Amino acid sequence: MLATRKLVTGFSILAAGMIVAPAFALKVTEPAAASHGYPGLCDINGKKLADGEFRQWVENNRLHVVIRYKFSAGEVYEEHSQFRQESELIQEKWSWKESKDGRSQREFAVDFVAGIASAHISQDHKDVSKRIKIERSRTFAGFGFSLALSNLRKRLLSGEQVQLKAVGFSYFPTLGPQVVTVTVSHGGIDRMRMSGRSLKGDRFIIHPEIPFIANLFVNVPDTKIWLTNPAPAGFLRWEGPIVLPTDPIVRVDLLSGEKSGPAESTGT
């Protein structure tokens, strides 16, 4: 079972009276340490697709995260991330690789230090590498948003909405990487069943601020991340497209089981 204190595996019409604040430097309030767990990857209806393994450790003053999902048909998904946790949370690396029977199918990577993002899709013979603008301690990808939420949790629960930057990839018109503004907010408290248990969590929403003209060509869905409630908060659930906006929306649960239940509001 994942260590709920330590584990927390790429957006707006605002409610009246809400203030959206950019997090120019995301301060570390909940530093993450070593953790090991076995999450489950499901489709959006809760059917399990793959068993996962989560590993997190600190080495050479860097936080390393590796998440691996293995499918029965021979497919493997693997995500790698690296962070600095000093006074600020800074993501340095992120990569996602999909392979089948040992052969690479799709690969995406971001070097936050060098400011370069790349993508490769074998089937379509597409290879793209592009320099992007990274805002230190404000730009994240993949698992980085789970860590960011853990450190922003108190601000978000108080009703604040925070703007960050996300590195993503769009298949149309090219496979080029993009950096977009995302608004992060607290959506409420839900209950959900996983692995035969009913668990309660705070739902956080990552909403991409996509220009109107771009929305005419591609729909970029929100990503939702749940952290356990009450505190100490840890990762509970993630829902969103696998990598590209056009990918199927999937679910990752803290506990792997044959069936995963939908999140239902507690009304609080």
Can you give the % of DSSP beta bridges in the chain that are antiparallel, to the nearest 5? 95 percent
Give the cross-link partners of K48 among the lysines, using a straight C-alpha distance below 28 Å as the criterion and excluding same-chain residues fewer than 8 apart. K6, K70, K97, K100, K200, K224, K259
Taking the chain and counting helices only, DSSP H stretches of n ≥ 4 at -39,500 (n - 2.57) each over all residues, the nearest-500 ellipticity at 222 nm comes to -2000 deg cm²/dmol
Label-point separation in nm, S265 to F24, each point 7 Å along Cα→Cβ: 3.6 nm
For the chain, which whole-number percentage of the solvent-accessible area (1.4 Å probe, protein heavy atoms only) is attributable to carbon and sulfur atoms? 52 percent
Separation in nanometres of the label points that stand 7 Å from Cα toward Cβ, at E135 and D101: 4.6 nm
Give or take rounding to whole Å, what are the principal axis extents of the alpha carbon atoms in region 149-249, in descending order? 43, 31, 18
Computed on alpha carbon atoms, what radius of gyration and Dmax characterise region 31-89, expressed in Å? 13.9, 44
Extension gain from D124 to W57, taking 0.36 nm per residue of separation minus the Cα-Cα distance: 20.6 nm
Values of log10 I(q)/I(0), in the order q = 0.09 Å⁻¹, for the chain under a Debye, Cα-only, solvent-free model: -0.38
Counting only heavy atoms of protein chains, what accessible area per residue, in Å², does the chain have with a probe of 1.4 Å? 48 Å²
Taking amide H atoms as placed 1.01 Å from N in the peptide plane, list the residues 5 or more away in sequence, or in a different chain, whose amide H sits under 5 Å from that of I116. D111, I132
I need the phi-derived Karplus couplings for region 75-80: 6.51 cos²θ - 1.76 cosθ + 1.60, θ = phi - 60°, integer Hz, Gly and Pro marked x. 7, 9, 10, 9, 10, 10
The size of the Cβ-based charge dipole (Lys, Arg +1; Asp, Glu -1) of region 47-147 about the Cα centre, to the nearest 20 debye, is 180 debye
Karplus-derived 3J(HN,Hα) from phi for region 256-265 (6.51 cos²θ - 1.76 cosθ + 1.60, θ = phi - 60°), whole Hz, x at Gly and Pro, runs 7, x, 5, 9, 10, x, x, 6, 10, 4
Under unit Cβ charges (Lys, Arg +1; Asp, Glu -1), what dipole magnitude, rounded to 20 debye, does region 123-208 have relative to its Cα centre? 280 debye
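The values are calculated or read from the model by the stated rules, or taken from the named source; none is laboratory data. Nothing here was measured: the structure is a model prediction, and the numbers come from that model. Neighbour counts run over all protein chains shown; Cβ positions are idealised from the backbone, glycine included. For accessibility, only protein heavy atoms count, side chains too; no ligands or nucleic acids. Shrake-Rupley method; radii C 1.70, N 1.55, O 1.52, S 1.80 Å.
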